[in-house]
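The structure appears below as structure tokens.
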Amino acid sequence: MVLSPPRFAALPFAAALTCLACQTPPADEGSDDEVDETATATETATDTDTGEPEPDPLTGVADLHLHMFAEEAFGGGWFHGSASGAAEVALALCDGGASGDHAQLQEDLSFLFEGCDPDLLSETAAQVPYLQAILTLGGHGIAELIAEVPGSSGDTGTHLDRTGGYPDYEGWPRWDVIAHQQSWEGWLEQAYNEGLRVSVISAVSFDWLCEAVPEENRTRPQCDEMADVIVQLEQANALAANNDWAEIALTAEDARRIVSEDKLAIVLSIEASHIFGDDDWREALDEVYGLGVRTLQLVHQLDNRFGGAAPHNEIFQIAGFAENCRVDSDCGLTTQDLTLGFDVDADCRNTLGLTSEGRELVEEMIARGMLIDMAHMSEQLVGDVYEIAVDNDYYPLYLSHAHFREIMLPAKAKQEKTTPSWVVQTVRETGGMIGLRTAHEEVNDYTPSAIDNSCHGSSRSFAQAYDYGRLGLGVSIGTGSDLNGFIQQTRPRFGDQACSASFTEEAQCQARDERAEGLQLGTEFDEIGLGRMDMLGDLLDDLELLGTDVEPLRRSADDFVRMWERAEGERSGMIPDLPEMNLEGVVINPSHYERRQALPQECDTPYCPGALLAGEDCMFDAQCESGSCAGAGECGEPAGVCE
């Protein structure tokens with residue numbers, strides 16, 4: 001049976017979630033009842049636990065999830081560019097996929113499913129279009145399909161128009177990069193110079209993707225996730241040893257000292273679907289602990305020997321199917337009727353929680369004072385881990401990269417990987433924090449935010465989630481950038497990719513309005529979004545420019561260190577005097593269809609008036625900023641060009 005909030009009826013936070021209508025609405029700006037935005041759960045905890053005066057608060061940003069050395073992930077065969085070395089070498093032009101040394105998949109991928117009965121595979125493929133595509137389009141076709149992210153021209157498969165790295169960065173990196181370096185050491189240093197003081201660097205890999213990559217592209221053809229992880233951990237140690245502005249933090253005391261000395265505290269973590277492989281996990285933990293790992297995720301994309309993962313993207317469900325050949329008809333995630341790779345209940349929640357080995361691992365992490373990262377956990381697993389944390393005087397729990405479920409659009413909110421308020425409450429009660437994903441998605445409006453949700457996928461969208469987290473959920477927040485994480489980032493508010501998480505016509509209207517308002521930073525961030533690590537400070541600056549309070553982010557390093565100190569030190573139970581969450585203020589946006597139909601139309605075609613600039617293709621005059629669409633035929637046959 002999958003864990004859900006009702007199972008927690010006897011736990012301390014249940015009452016706060018059972019009567020949302022009874023909760024106090026957010027205070028108006030300037031009200032006498034305005035929430036004290038400087039109060040955080042972790043600040044409250046220190047006096048209560050130790051009875052000693054609190055240390056001086058630290059300043060600086062904490063980024064809780066960075067894949068600094070991901071060029072070594074997936075056998076070293078997917079990413080172009082290096083995290084280390086001179087820029088002209090590390091970030092040199094790529095070949096655009098022409099000769100296929102990166103961002104390519106093997107032409108025949110059917111071997112990935114050899115463990116499944118042929119009849120089952122054929123029957124399942126007939127019902128699951130994406131699986132059928134993998135089996136029939138081949139690696140090149142799938143790489144091209146991956147590149148067709150809405151609002152993006154992509155950087156996988158053949159990308160001859162996006163080869164440009166150093167020195168002009170005309171092709172990469174930008175917000176939609178998933179196969180080119182985003183975290184070169186010079187960019188990390190610049191982020192440090194602009195206020196980054198804690199960076200959780202997560203060594204990452206996924207053997208299924210490694211196996212799909214052409215063998216000749218791999219540095220380590222055996223596709224051993226932990227072999228990739230060890231290389232990345234060694235490189236992280238080398239980075240710290242070679243730069244006097246950074247140091248690996250091995251204890252909370254280390255982290256406080258490093259940040260107090262105005263240096264970057266690097267905390268090492270692991271994100272791998274088959275963490276520790278089939279090895280003796282205690283010996284494997286000893287090895288990575290010796291390399292500096294002080295936090296990790298029990299699970300990533302797939303269920304493993306330690307517990308259940310939260311299903312999300314259908315490609316990873318198919319990866320799970322390739323491993324276990326499971327087809328579940330209790331609820332449909334992969335299609336409307338089927339879920340591949342996971343045993344789900346009628347609500348599409350993974351039924352697997354903590355295994356016996358997982359319990360032993362969690363208890364060992366607590367004994368060592370290691371931080372437990374609940375990212376990617378199934379809800380059942382979250383509940384099981386929370387119960388252990390409670391039994392250990394509310395040992396702190398955190399999520400390194402999370403999306404707040406209630407602010408997401410309905411389709412995204414259905415995914416178990418999104419973080420509901422009851423999970424956030426476990427974080428609050430234990431003195432943890434959230435690394436908020438610097439995501440690229442359209443979200444719902446959060447009306448208490450000072451920033452209009454009027455440029456979908458941009459920093460305006462991030463502001464809705466951030467303000468909901470700090471004002472409504474009342475949780476300590478850092479960033480969870482996930483750069484080099486095989487996922488897109490915060491989109492720009494200007495340029496040809498502006499506001500592109502929405503449908504085309506609305507994106508054009510929103511970009512038009514952004515140009516009219518003219519609030520720009522004057523940096524590359526304006527037109528390429530969060531494309532690389534040195535732009536993390538630009539994201540905060542943009543949020544501040546638009547009107548929200550980013551001071552909680554600028555002191556999130558203090559929240560992280562206090563959380564770690566709580567893990568290592570004495571605890572006296574749940575964080576006391578937590579204010580109630582306020583889940584009101586989220587307004588679900590109308591569907592794309594409804595919004596598109598509300599636009600003006602010509603020739604039965606919805607359009608955005610005056611949005612297209614000179615030189616852009618057009619169908620009729622009213623689309624153009626100039627009011628003239630030169631050369632257009634009737635109803636855009638043939639198309640014209642805005643003058």
| remark: Filtering the range 519-531 for residues that are touching a Leu at 6+ places or on another chain (Cβ under 8 Å) and either farther than 20 Å from Ala501 by Cβ or not in a loop (DSSP other than H, G, I, E, B) (or both) leaves a count of 1
| remark: Being closer than 25 Å to Asn484 by Cα and over 23 Å from the mean Cα position of the chain (by Cα) narrows Gly308, Gly292 down to just Gly292
| remark: In the range 162-191, anything in contact with a helix residue (DSSP H, G or I) (Cβ under 7 Å, 6 or more places away or on another chain) and open to solvent by less than 10 Å² (accessible area, probe 1.4 Å) is listed as Gly171, Trp172, Trp175, Gln181, Gln182, Ser183, Leu188, Ala191
| On the given criteria, is Asn313 at pLDDT below 95 and closer than 30 Å to Ala126 by Cβ? | yes
| request: Answer yes or no: is there a residue in the range 305-314 that is part of a helix (DSSP H, G or I) and touching a residue at least 24 places away in the same chain (Cβ under 8 Å). | output: yes
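Let's see how each residue does on (1) charged (D, E, K, R); (2) open to solvent by less than 10 Å² (accessible area, probe 1.4 Å); (3) more than 13 Å from Thr430 (Cα to Cα):
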residue	(1), (2), (3)
Leu352	no, no, yes
Glu357	yes, no, yes
Tyr394	no, no, no
Gln415	no, no, yes
| What are the residue pairs meeting all of these: first residue in the range 542-569, first residue farther than 26 Å from Glu524 by Cα and open to solvent by less than 40 Å² (accessible area, probe 1.4 Å), second residue of a type in the set (Asp, Glu) and part of a loop (DSSP other than H, G, I, E, B), Cβ atoms under 9 Å, and 6 or more apart or on different chains? | Arg562/Glu54
| task | Provide a single number: the residues in the range 588-632 that are open to solvent by 40 Å² or more (accessible area, probe 1.4 Å), among the hydroxyl-bearing types (Ser, Thr, Tyr) and either in contact with a His (Cβ under 9 Å, 6 or more places away or on another chain) or not in a helix (DSSP H, G or I) (or both). | result | 2
| said: Looking only at the range 475-497, count every residue that is closer than 17 Å to Val550 by Cβ, part of a loop (DSSP other than H, G, I, E, B) and of a type outside the set (Lys, Arg) and tell me the total. | reply: 4
| said: If I go through the range 301-320 residue by residue, how many of them are surrounded by fewer than 21 Cβ atoms within 10 Å (Cβ to Cβ) and either closer than 30 Å to Glu247 by Cα or touching an Asp or Glu at 6+ places or on another chain (Cβ under 9 Å) (or both)? | reply: 2
| Can we say Ile258 is in a helix (DSSP H, G or I) and in contact with a Lys or Arg (Cβ under 9 Å, 6 or more places away or on another chain)? | yes
| message | I'm checking my understanding of the structure. Among residues of the range 432-442 that are among the aliphatic types (A, V, I, L, M) and either open to solvent by 10 Å² or more (accessible area, probe 1.4 Å) or out of contact with any Leu (no Cβ under 7 Å at 6 or more places or on another chain) (or both), which one is modelled with the lowest pLDDT? | response | Ala439
| note | Conditions (1) part of a helix (DSSP H, G or I); (2) surrounded by 21 or more Cβ atoms within 10 Å (Cβ to Cβ) -> Gln235 fails only (2)
| request: Select from the range 631-643 the residues that are more than 14 Å from Gly610 (Cα to Cα) and among the aliphatic types (A, V, I, L, M) and write down the one among them that is nearest to the chain's Cα centre (by Cα). | output: Ala639
| When Glu323 is evaluated against the numbered criteria (1) more than 25 Å from Gly432 (Cβ to Cβ); (2) open to solvent by less than 30 Å² (accessible area, probe 1.4 Å); (3) in a helix (DSSP H, G or I); (4) not hydrophobic (A, V, I, L, M, F, W, C), which criterion, by number, is the only one it fails? | (2)
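Restricting attention to helices (runs of 4 or more DSSP H) lying wholly within the range 49-161, give those where 2 or more residues are under 30 Å from Ser202 (Cα atoms), open to solvent by less than 50 Å² (accessible area, probe 1.4 Å) and modelled with pLDDT under 95.
Because the criterion is at least 2 residues that are under 30 Å from Ser202 (Cα atoms), open to solvent by less than 50 Å² (accessible area, probe 1.4 Å) and modelled with pLDDT under 95, the helices (runs of 4 or more DSSP H) in the range 49-161 that meet it are 129-147.
Going by the structure shown, is Ile258 open to solvent by 20 Å² or more (accessible area, probe 1.4 Å) and of a type in the set (Val, Ile, Thr)?
Working: open to solvent by 20 Å² or more (accessible area, probe 1.4 Å): no; of a type in the set (Val, Ile, Thr): yes.
The answer is no for Ile258.
The values are calculated or read from the model by the stated rules, or taken from the named source; none is laboratory data. Keep in mind that this is a model prediction, so the values were computed, not measured. Neighbour counts run over all protein chains shown; Cβ positions are idealised from the backbone, glycine included. Heavy atoms of the whole protein, side chains included, go into the accessibility calculation; ligands, DNA and RNA do not. Shrake-Rupley method; radii C 1.70, N 1.55, O 1.52, S 1.80 Å.
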